[in-house]
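Throughout, read-outs are computed from the coordinates displayed, never taken from laboratory work. None of these values were measured; they are calculated from a predicted model. Here the Cβ is made from the backbone with ideal geometry for all residues, glycine too, and neighbour counts use every protein chain on show.
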Amino acid sequence: MVNVVTVYSWLLHWLVRAVGLRPYTVEIEPGTVIKFWAPCNAVSNHKRVCSKPVVVLLHGFCGDGIINWQCQIGALTRDYAVYVPDLLFFGGSVTNKAERSPEFQAECLATGLRKLGVEKCVLVGFSYGGFVALKMAEMYVEMVESVVVSGAVVAITESVILRAVEGVGFSSCSEMLLPVTVEGLKTLFSVACNLNLSLPNRFFSDFLQVSFYSN
């Protein structure tokens, strides 16, 4: 049976190509690669040839870059050179290192962007991507011109998080963010989305399958 989430992802990739982006797989170091969607003319002997200002869109914890930013990419490409990475452990980006910190994400992201010829950029981060954006701005002041962050709580205690996740039936934050059942994923969507998404269980089941086996 066809996985509807996979088919939808193929459609999104076709649409992204139609607005002038293409996929790049950038080796940061042996064992660590980041997948970017970037302008077709992003690289020319490691020098960026597009004259538009660079905007880098950093996705949240659920899904990859294209899934998270599908509604914004087309509009932004009219005036900006848009770069959409999959953060490590999401989509097509992987590492054999045990490091999981936002600092490591920021370091690898900056290296990848430089290999694509980016010297200056504006970072736009949603949720988890907001944490990575702020950390990269702190670590690479000369590279990051400005930061836009949405949905990222930068000052919160563990007890507040625990009360929030227990309120929707989970025992920990990791259990909520990494659901393994359809009901768990539906609960996560109900917390993360401001709209009531009345989707069939088939969609959630296919989403879980893609999430577990995409890498």
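Please label the shape of the range 4-155 as rounded, prolate or oblate, based on the square roots a ≥ b ≥ c of the eigenvalues of the alpha-carbon gyration tensor (a/c under 1.5 means rounded; beyond that, a/b larger than b/c means prolate, else oblate). Provide the component values of the computation, followed by the final result.
Numbers: a/c = 1.23, a/b = 1.10, b/c = 1.12.
In terms of gyration-tensor shape, rounded.
Using a Förster distance of 22 Å, how high is the FRET efficiency between E138 and C71, based on the Cβ-Cβ distance and rounded to 0.05? Spell out each step's value before the answer.
Working: r = 29 Å, r/R0 = 1.30.
My answer for the efficiency is 0.15.
So which chymotrypsin sites (Phe, Trp or Tyr not before Pro) in the range 58-158 end up in coil per DSSP with only 15 or fewer other C-beta atoms within 10 Å?
Details: sites: F61, W69, Y80, Y83, F89, F90, F104, F126, Y128, F131, Y140; in loops: F61, Y80, F89, F90, Y140.
In loop regions of the range 58-158 (DSSP not H, G, I, E or B), the sparsely surrounded chymotrypsin sites (Phe, Trp or Tyr not before Pro) are F89.
Where is the GNM fluctuation largest for the chain (alpha-carbon springs, 10 angstrom cutoff): L116, L199, L88?
L199
About the Cα centre, and with charges only on the beta carbon of Lys, Arg (+1) and Asp, Glu (-1), how big is the dipole of the chain? Nearest 20 debye, please.
On the way: 16 positive and 17 negative charges, 139 e Å.
Charge dipole of the chain: 660 debye, to the nearest 20.
Once the other residues with Cβ under 15 Å from the Cβ of P30 are scored (Lys, Arg +1; Asp, Glu -1), what is the net sum? Kindly include the intermediate steps, with their values, before the conclusion.
On the way: positive: K97, K115; negative: E27, E29, E99.
Local net charge: -1.
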